[in-house]
Ligand code: AP5
């Protein structure tokens, strides 16, 4: 006989502009809380770097700051979830959904038996455009695909030869993301974000989802503490 008890796991949607700090906060949650993170941006960059069939389709889009199609990105998310969501860990979706259409597709996915134990929580990270521009132009990331740690190097990055910059975790070279190196691409990403953000939030408000709003202009550890405080309130 089937047990009547349903065990709910939470799927946290980290939502915010490029550079809001979604990946940074997700890394802290992975380290400190043992959650699992899917960054759809990292997944896209992996395919692009390894010239997979998907990579060939999306390479131009991610380099120019445009969105990958809703159906392709959702099928990539489903594939990742099938392989990674079986344990008891909470899941972070970092950068997905970003359109109301993707949110609807995710809702359809969550109706499937494999994912029916998940409950959604939206973690919205607010940060003004000026802060985003400053952060993206100072971001360095670890080139090791298994590490991908994120750093901010306001002074050092400008003065030290780039091949001398090493990741403190794994010693691999630190690099700048291609889509951070061109102001027109950064502006395109921001424009795309602003174009879809309201409709996406309206969709989630209409579904009655739980919302946590964080002030992402604060130092990283304080943003993490804001999230912990929201979890305690639940
Ligand atoms: P993606 O990689 O997700 O890029 P993004 O959305 O532009 O977001 P970022 O990774 O730039 O920002 P973040 O919020 O994670 O900031 P971070 O923590 O690194 O997507 C790339 C591309 O993939 C898209 O353009 C698109 O083509 C495609 N794609 C991905 N998902 C898709 C989807 N769902 N649909 C369609 N296409 C999709 O922090 C930034 C910097 O700030 C770092 O240097 C960090 O050290 C610093 N920092 C972070 N927090 C703080 C803080 N609190 N105080 C001070 N500094 C901070």
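Coordinate-derived values only; no laboratory data. Here the structure is a predicted model, which means the values were calculated and not measured. Don't worry about glycine lacking a Cβ; one is built from the backbone with ideal geometry, like all the others, and counts go over all protein chains shown.
The long axis of helix 183-207 is offset from the longest Cα principal axis of the chain by roughly 10 degrees.
Rounded to the nearest 5, the antiparallel percentage of DSSP beta bridges internal to segment 35-175 is 60%.
Extending 7 Å from the Cα toward the beta-carbon at both residue 187 and residue 51 defines two label points whose distance is 3.3 nm. Gain on full extension, evaluated as 0.36 nm per residue between residue 61 and residue 88 minus their Cα-Cα distance, stands at 6.3 nm. For the chain, pairs of C-alpha atoms spaced more than 25 angstrom apart make up 42 percent of the total. Measuring nothing but how far apart in sequence close Cα pairs (under 8 Å, 6+ apart) lie, relative to its length, the chain scores a relative contact order of 29 percent.
Summary value for segment 119-234: 35 percent relative contact order, contacts being C-alpha pairs under 8 angstrom separated by 6+ residues.
Short-range pairs are left out: with C-alpha atoms under 8 Å and at least six residues apart, the relative contact order of segment 36-145 is 28 percent.
Report, please, the projected area of segment 1-114 averaged over directions, based on the convex hull of its C-alpha atoms, in nm².
Orientation-averaged projected area of the Cα hull: 8.3 nm².
Please label the shape of segment 181-224 as rounded, prolate or oblate, based on the square roots a ≥ b ≥ c of the eigenvalues of the alpha-carbon gyration tensor (a/c under 1.5 means rounded; beyond that, a/b larger than b/c means prolate, else oblate). Oblate, because a/c is 1.5 or more while a/b does not exceed b/c.
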